[in-house]
1. With a 1.4 Å probe and every protein chain left in place, work out the accessible area per residue of region 340-424 in Å², rounded to a whole number.
2. Mean projection of the alpha-carbon convex hull of region 1-119 over all orientations, in nm²?
3. Could you check the spin-label model distance between Ala299 and Thr15? Points 7 Å from the Cα along Cα→Cβ, value in nm.
4. Kindly write out, for region 317-330 in residue order, the coupling ³J(HN,Hα) from the Karplus curve 6.51 cos²θ - 1.76 cosθ + 1.60 (θ = phi - 60°), rounded to whole Hz, with x marking Gly and Pro.
5. Restricting to bridges with both residues inside the chain, how much of the DSSP beta-bridge set is antiparallel, in percent to the nearest 5?
6. Which percent of the accessible area of the chain is formed by carbon and sulfur heavy atoms (probe 1.4 angstrom)?
7. Give me the aspartates and glutamates in straight-line cross-link reach of Lys351: C-alpha distance below 13 Å, same-chain residues under 8 apart excluded.
8. Averaging sequence separations of C-alpha pairs under 8 Å and six or more residues apart, then dividing by the length of the chain, give the relative contact order as a whole percent.
Amino acid sequence: MTSATVLRCESCGNTYGDDLPNATCPNCDGLLLAEHAPPAIRGEELRSLFDSRRASGAAKHSGAASVAPAHERSGVWRFRELVLHAADDAIISHPEGNTPLIARPAISAYAGVDSLIVKHEGHNPTGSFKDRGMTVALTQARRVNARAVACASTGNTSASLSAYAAQAGIPSFVFVPAGQISAGKLAQTIAYGARVLPIDGDFDDCLRLAREASTLGIYLVNSVNPFRLEGQKTIVFELLQQLGWQPPDWIALPAGNLGNTSAFGKALREARALGLIDRVPRLLAVQAAGAAPFAKAFAEGFVTRHRVRAETRATAIRIGDPASWDRAITAIRETEGHVVAVSDEEIFAAKAVIDHAGVGCEPASAASIAGVRKLAASGEIGRNERVAAVLTGHLLKDPGAPTESQLPAPLSYGAAMDILRRAT
Ligand code: F0G
């Protein structure tokens with residue numbers, strides 16, 4: 001029997017079935033891409049199928065008497081024909097996805113476009129978009145009987161891995177750059193039960209180590225794992241569905257290791273090929289200026305692969321040697337996309353606007369809005385174009401140390417009342 005999903009190596013071209021116990025090519029360690037047998041239906045029929053699942057998942061969710069299984073309520077598994085053909089009882093799901101679209105005049109005005117919506121992936125179970133990839137990666141880990149799972153992380157992947165591995169009952173290990181992970185993300189990772197190995201090095205060192213660990217038979221669930229990308233594609237599918245399958249002109253996202261940029265490109269390619277949409281939005285990948293090898297390469301026409309020693313206060317995207325380089329180039333080329341770098345000052349200015357609008361996000365996420373603002377100012381994005389920007393992580397992921405410097409010294413009852421009287 002041929003399997004419904006084939007894994008194809010992007011370097012040597014070898015193909016494997018979807019029961020492969022390795023996350024990368026066993027022949028050359030190249031990156032694998034999942035290719036699914038196309039669904040029997042397409043276009044309007046496929047849209048209707050996905051829309052009916054969304055409606056029934058929501059309906060069952062609201063009825064206390066009959067709560068549907070998690071995978072039926074998941075914003076990832078709703079698109080299962082395009083994600084992974086797994087038996088229902090094999091699926092490890094929280095559920096995840098179903099994240100909101102939010103429009104705020106203050107954020108659009110700051111970005112400099114009339115029509116801007118944000119898709120807030122911080123509303124996922126562990127507070128970042130990583131849960132969409134992790135539900136698929138851990139489902140796959142269980143399908144291939146992995147005895148342990150591992151990842152390198154700037155914090156969000158590790159928190160997500162730890163939670164989903166706990167649910168799957170598989171031991172998990174994470175490599176993090178020592179002293180460079182926000183307290184919130186580290187707390188989550190430890191609390192859910194992963195074994196944390198702080199490494200004297202940066203994220204890129206950690207990823208090299210994680211790839212080496214996979215030679216010990218530990219299943220690697222970084223975004224080099226093809227199933228992570230399959231799950232993360234659903235950010236785009238769900239966004240398109242929420243917009244009534246009317247694509248925006250641009251989709252902006254922060255970019256670090258380039259897994260998400262690659263996943264977005266693959267999602268748009270498939271959505272177009274299956275007739276879910278009739279035109280492809282342009283991708284805007286935004287890097288922090290101190291960690292911007294991809295933006296530099298874009299400006300030069302992608303002739304050179306750059307590696308840098310990364311430095312930015314947006315620690316989630318503090319990555320100097322992105323793993324999904326080639327597939328992200330494909331994503332940018334196929335969508336006539338753009339890559340831009342923004343300074344930490346621009347990131348934190350955008351974050352302040354997002355926060356004060358009552359939406360909030362972690363620093364790396366604000367890069368997407370800072371990037372839109374930059375391209376709107378240069379005229380690359382027209383004021384009338386419709387822009388969707390992805391906020392990748394929750395405000396509480398990395399609140400910094402806001403409180404002490406922003407609060408007055410402890411107040412007496414009378415002094416607090418005085419402040420209120422003067423302020424109102
Ligand atoms: N935004 C946030 C909040 C992230 O945590 C990450 C990546 C990105 C954007 C960039 O996505 O790597 O696919 O280009 N965080 C990874 C981690 C590296 O370990 O949590 P990317």
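The values are calculated or read from the model by the stated rules, or taken from the named source; none is laboratory data. No experiment lies behind these values; they were computed from the predicted model shown. So basically every Cβ, Gly included, is an ideal-geometry build from the backbone, and we count neighbours across all protein chains shown. When the accessible area is computed, the model is the full protein with side chains, heavy atoms only, and any ligands, DNA or RNA have been set aside. Shrake-Rupley method; radii C 1.70, N 1.55, O 1.52, S 1.80 Å.
1. Per residue, region 340-424 has an accessible area of 53 Å².
2. 11.8 nm²
3. With each label placed 7 Å out from Cα toward Cβ, I get 4.2 nm.
4. Karplus-based 3J(HN,Hα) across region 317-330 equals 10, 7, 9, x, 9, x, 6, 8, 4, 5, 6, 6, 4, 4 Hz.
5. For the chain, the DSSP antiparallel bridge percentage is about 25.
6. Values: 9160 of 17080 Å².
Using a 1.4 Å probe with all protein chains present, the chain comes out at 54 percent carbon and sulfur.
7. Glu362, Asp398
8. Once divided by the residue count of the chain, the mean separation gives 17 percent.
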